[in-house]
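Chemist: Below is one structure. I have some questions about it.
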Amino acid sequence: MNAKLQRWQLFLRLVVTLGLMVVVWRAYGWGPGFGLSLLVFWAHAPFMLLSFAALRLVNRQESPSWPALLRAWWHELASLDLVFAWQQPFACERWPDASPPTAGRFRPVVFLHGYTCNRGLWNPWLRGLSEQGVPVRALTLEPAFGSIDAYAESIETAIRDLEQRYPGNPPVVVAHSMGGLALRAWYRKHGRAGRLARILTLGTPHAGTLLARFGRGRNGQEMRRGSLWLDDLAAQDSPSLAAELDCYYSRCDQIVCPVETARLPGARAIEIESTGHLGLVFHPRIQEDVWQLLQLSPEGAAAPVG
């Protein structure tokens with residue numbers, strides 16, 4: 001579903017850009033205006049810059065510096081087109097789930113994407129981990145605009161499958177944005193201490209986000225600050241959840257704000273500097289931390305986590 005929508009969005013961007021180029025060419029020929037008309041394809045860039053600048057006000061107690069915001073904005077532009085113009089609309093099935101005959105030296109890992117995304121978000125991870133022989137499950141959470149509660153069963157199916165294939169070797173879960181809330185919804189229904197080796201949430205709006213006011217669908221409404229769904233989720237969180245969870249967050253996250261909403265009370269919080277919302281998925285520090293969590297001792301027993 002999301003892949004099809006994103007193909008249409010890219011098609012419309014291309015049509016609008018080409019249409020403007022033709023209008024400018026017919027009116028002014030091959031002058032500088034024709035070249036500048038190409039920039040309409042990136043018309044979202046200045047609006048995104050405004051959203052980063054607004055963080056100086058939104059995150060008043062933890063305000064990021066201007067250089068940090070500019071670095072985050074620039075890298076986010078590259079990440080945005082990589083993800084939404086290629087990985088998700090055209091290559092979401094390029095790297096399938098991996099099930100090596102034996103877990104070998106690695107823990108399994110489950111990847112959960114965020115709002116309006118799909119499993120293609122994780123393609124760079126899937127390629128590298130699959131080639132190393134890591135058991136991998138990357139889900140596309142459906143329905144795209146349904147309740148976050150609806151994703152719990154597909155998460156349970158993936159985790160149960162890994163438990164059956166690799167008994168005694170619980171998986172690590174890496175969840176971006178809304179995916180972290182989906183994991184908490186799964187934990188409320190199916191989770192318990194010991195089923196997972198570790199949970200990492202990357203820019204997850206654990207207490208909602210201001211931008212969810214503009215989100216479509218039931219899941220967008222559920223991520224609004226102060227929503228009944230979030231209040232119920234927090235009230236029903238298992239006492240064991242926070243002890244198993246690491247919250248990676250950034251003061252330069254233009255989607256999950258204010259910044260404190262990305263930190264779950266009682267969980268370990270790890271700040272990633274000068275990084276936007278999508279940039280958290282590709283940050284080297286997070287990739288290294290996940291890689292360390294996936295390692296098993298030479299004897300095959302799990303190395304310590306947490």
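The values are calculated or read from the model by the stated rules, or taken from the named source; none is laboratory data. Bear in mind that the values here come from a model prediction, so they are computed numbers and not experimental data. So basically every Cβ, Gly included, is an ideal-geometry build from the backbone, and we count neighbours across all protein chains shown. All accessible areas refer to the heavy atoms of the entire protein, side chains included, with ligands and DNA or RNA removed. Shrake-Rupley method; radii C 1.70, N 1.55, O 1.52, S 1.80 Å.
Chemist: Calculate the spin-label point distance for Gln9 paired with Ala78, positioning each point 7 Å from the Cα along the beta-carbon direction, and give it in nanometres.
Modeler: Inter-label distance under the simple model: 2.1 nm.
Chemist: If you don't mind, another one. Springs between alpha-carbon atoms under 10 Å, Gaussian network over the chain: tell me which of Met178, Met223, Met21 tops the mean-square fluctuations.
Modeler: Comparing Met178, Met223, Met21 in the GNM, the peak value goes to Met21.
Chemist: Would the stretch 198-275 count as rounded, prolate or oblate if I go by the C-alpha gyration tensor, calling it rounded below 1.5 in a/c and otherwise prolate when a/b exceeds b/c, oblate otherwise?
Modeler: oblate
Chemist: Same structure again: On average, how much accessible surface per residue is there in the stretch 41-136, in Å², for a 1.4 Å probe, leaving out ligands, DNA and RNA? Don't skip to the answer; put the middle values down first.
Modeler: On the way: 4570 Å² over 96 residues.
For the stretch 41-136, the solvent-accessible area averages 48 Å² per residue.
Chemist: Something else about it: Take Val23 and Ala193, extend 7 Å from each Cα along the Cα→Cβ direction, and tell me the distance between the two endpoints in nm.
Modeler: 6.3
Chemist: Quick one: how many Å² of Asp81 are accessible to a 1.4 Å probe, rounded to 10?
Modeler: 30
Chemist: Also, I was wondering about something else. Need one number: nm distance between label points at Ser99 and Val40, each 7 Å from Cα along Cα→Cβ, rounded to one decimal.
Modeler: 4.9
Chemist: For an R0 of 35 angstrom, estimate the FRET efficiency from the Cβ-Cβ distance between Trp66 and Gln287 and round to the nearest 0.05. Display every interim value, and only then the final one.
Modeler: Values: r = 27 Å, r/R0 = 0.77.
Result of the calculation: an efficiency of 0.85.
Chemist: Further question on the same structure: Express the carbon and sulfur contribution to the solvent-accessible surface of the stretch 22-129 as a percent, rounded to the nearest whole number, probe 1.4 angstrom. Intermediate values should be presented prior to the final figure.
Modeler: Values: 4070 of 5830 Å².
Here carbon and sulfur together make up 70 percent of the probe-accessible area.
Chemist: Same structure again: Which of Leu121, Leu39, Leu241 ends up with the largest GNM mean-square fluctuation for the chain, with Cα atoms connected below 10 Å?
Modeler: For the chain, modelled as a Gaussian network with Cα springs under 10 Å, the answer is Leu39.
Chemist: Considering only Ala243, Thr261, Leu294, whose Cα is most displaced toward the positive end of the charge dipole of the stretch 167-306, charges sitting on Cβ of Lys, Arg (+1) and Asp, Glu (-1)?
Modeler: Thr261
Chemist: Right, next: Using a Gaussian network model of the chain whose springs link C-alpha atoms within less than 10 Å, name the residue from Gly29, Gly279, Gly191 with the highest mean-square fluctuation.
Modeler: Maximum fluctuation in the GNM of the chain, among the listed residues, is at Gly29.
Chemist: Take each uninterrupted DSSP H stretch in the chain, measure its Cα extent along the helix axis, and return the ones at 18 Å or beyond whose mean Kyte-Doolittle hydropathy is at least 0.5. The partial results should precede the final answer.
Modeler: Details: long enough: 2-28 (39 Å, 0.74); 66-82 (24 Å, 0.27); 152-165 (20 Å, -0.83).
Those that pass (Cα extent of 18 Å or more, hydropathy at least 0.5) are 2-28.
Chemist: Can you classify the stretch 6-61 as rounded, prolate or oblate using the Cα gyration tensor, where a ≥ b ≥ c are the square roots of its eigenvalues, rounded means a/c under 1.5, and otherwise it's prolate if a/b beats b/c and oblate if not?
Modeler: On the way: a/c = 5.80, a/b = 2.02, b/c = 2.87.
Since a/c reaches 1.5 but b/c is at least a/b, the shape of the stretch 6-61 is classed as oblate.
Chemist: Quick check on the chain: helices-only [θ] at 222 nm, where DSSP H runs of length 4 and up contribute -39,500 (n - 2.57) each and the sum goes over total residues. Nearest 500, please.
Modeler: Numbers: 12 runs with 130 residues, N = 306.
That calculation yields -13000 deg cm²/dmol at 222 nm.
Chemist: Also, quick follow-up: Quick one: compute the contact order of the chain, relative version, from alpha carbon pairs under 8 angstrom and 6+ residues apart, as a percent.
Modeler: Values: 561 pairs, mean separation 55.2, N = 306.
Dividing the mean separation by the residue count of the chain yields 18 percent.
Chemist: Right, something else. Checking the a/c ratio against 1.5 first, then a/b against b/c, what shape does the Cα gyration tensor give for the chain?
Modeler: Values: a/c = 1.92, a/b = 1.55, b/c = 1.24.
Judged from the Cα gyration tensor, the chain comes out prolate (a/c at least 1.5, a/b above b/c).
Chemist: Probe radius 1.4 Å, ligands and nucleic acids ignored: give me the carbon and sulfur share of the accessible area of the stretch 150-306 as a rounded percent. Could the numbers behind the result be given before it?
Modeler: On the way: 3280 of 6420 Å².
Whole-percent figure for carbon plus sulfur exposure: 51.
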